[in-house]
1. Every cysteine in the chain with no other Cys Cβ under 4.7 Å from its Cβ, please list them in numeric order.
2. At 1.567 mPa s and 4 °C, plugging the Kirkwood radius over alpha-carbon pairs of the range 153-211 into Stokes-Einstein gives what diffusion coefficient in µm²/s?
3. For the range 243-292 and the range 144-175, what is the separation of their C-alpha centers, rounded to whole Å?
4. What percent do you get for the relative contact order of the chain when only Cα pairs under 8 Å and 6+ apart count?
5. Relative to the first principal axis of the alpha-carbon coordinates of the chain, what is the inclination of helix 2-15, with its axis defined by its Cα atoms, in degrees from 0 to 90 and to the nearest 10?
6. Within a Cβ distance under 13 Å of residue 164, other residues only, what is the Lys/Arg minus Asp/Glu net charge?
7. Bins of 10 Å, beginning at zero and ending with the bin holding the largest distance: percent of Cα pairs per bin for the range 285-436, please.
8. Any of 283/339; 103/204; 42/95; 42/123 with alpha carbons more than 23 Å apart? Name them for me.
Amino acid sequence: MIIRLILLLTFISIFGQFNFEEPSCHCDFTLAPETEQMNGFKTLVKPGDVICIMAGKRKNLQLINIQGDSINPVKVINCGGRVEVSNMVLGYGIKLDNCQYIKLTGTGDDKIEYGFLIDSTKKGAMGVMVGKGSSDFEIDHLEIKHSGFAGIMAKTDPECDGSYTRGTFIQKNVFIHHNYIHHVKGEGLYVGNSFYTGWNGNKKCPDTLLFPHELKNIKIYDNKIENTQWDGIQLGCAVSKSEIYNNTIDSFGLANIGSQRNGIQVGLGTTGLVYNNRVLNGKGNGIIVLGIGDNIIYNNLISDCSEFGIFCDNREVRDSSKIILINNSILNPKMQGIKMSNELTDNYILNNVIIRTGEPGDKKDYFISFGDKAAARTEGNYTSNKKSLIKPLLENRFVSDVVQKGKHQDVFSVDKDINGKARRKSGSPDPGCIEF
């Protein structure tokens, strides 16, 4: 008896310093790994609540009717370590249905950069699916790999009864950032619908022309996207205040399917800014612009694309709109650095660097080319076929050939370079995405 007491006291003295309680994440609700669904209407989730997803392996997670407000969003966060999702049965790993003012974030553990891991979904399934009228949401610090289709898909397709058609629903205030998406069978990010001009309905209403909802105030930034079979980032129907910036996209379009192999696709119905992105090693165009005009593409580093560096196609555009391509560095594209095929007359191609290897001879369109009715003001662009310039420009090293070879312009102010360095105010500007 005395020996047992001594052993017990020894155990307490040694192990009493450790806390064996469950981690405290300041939760209003906790979902154990075996809990696959939460309905905010049934559980009475209110604005400002924190829903903790407990660490461990789980099959899937579906959040339905989670509704915060513009001042107090509902936070959904990992707790106690990493949440690992693998689902080879359903069409998603994590799904948000009819959720508004919600933040899904993997920042619950300071030691883990991506607190949610969605690893493997079945063929055609998404890593994360956001739909059924979801809006005003934020998704950050997730790692998604081996999904059967897109890493993250965020859109709600219109239905035959008129639900979610243009004019009845707007997906707004969307922020997707600091995610790591890789080795997926479709797009890395698929945000908004691809068919802005509409399409005939499904089997339920084949004679009805359906128009997808619009998106407003969309920011996609600081994501790392690698090894996608289709596009790296695709954004469609974003009619106002859209920005795609500070993303790194490497090895895209690997399935080599026509029209599905671009680094960044500024899709139909989309306006806004694309800047400070690094787009590398793809089977298609670095950036393709199919939007409605007032698209400004600047400070992007585009390297080793199998088609054009930047391709602007002829699609539906707003009257009196324009496209500005300025201070981009396009290195070693297999086709022209820039191809302008849209019929807007107020276009600008300014202060870009295009290095295309080979012998251009007397071809005027070797670096920049135009479609039959396309036109643009072109000034301050530096072009060369010197292969020796590619590596230092790719590595942000000083290249004397390029310094101050641009021209001052008053079309759009580019105050900083891709690295955040202020651009010079006096003398001729540096073309390309780097300020030397």
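1. 99, 237, 305, 312, 433
2. Numbers: Rh = 13.4 Å.
D = 97 µm²/s.
3. After rounding, the separation between the Cα centres reads 19 Å.
4. This gives 7 percent for the chain.
5. Roughly 20 degrees between the two axes.
6. On the way: positive: 132, 155, 166; negative: 97, 157, 159, 161, 214.
Result for the neighbourhood of residue 164: -2.
7. Percent of pairs per bin, in order: 12, 44, 35, 9, 0.
8. Working: 283/339 16 Å; 103/204 35 Å; 42/95 17 Å; 42/123 32 Å.
Beyond 23 Å between Cα atoms: 103/204; 42/123.
Quick note: the coordinates plus some simple rules give every number you see, no bench work behind them. Computed from a prediction, not measured in an experiment: that's the story for all the values here. Quick reminder, even Gly has a Cβ in these numbers, built from the backbone with ideal geometry, and neighbours come from all protein chains shown.
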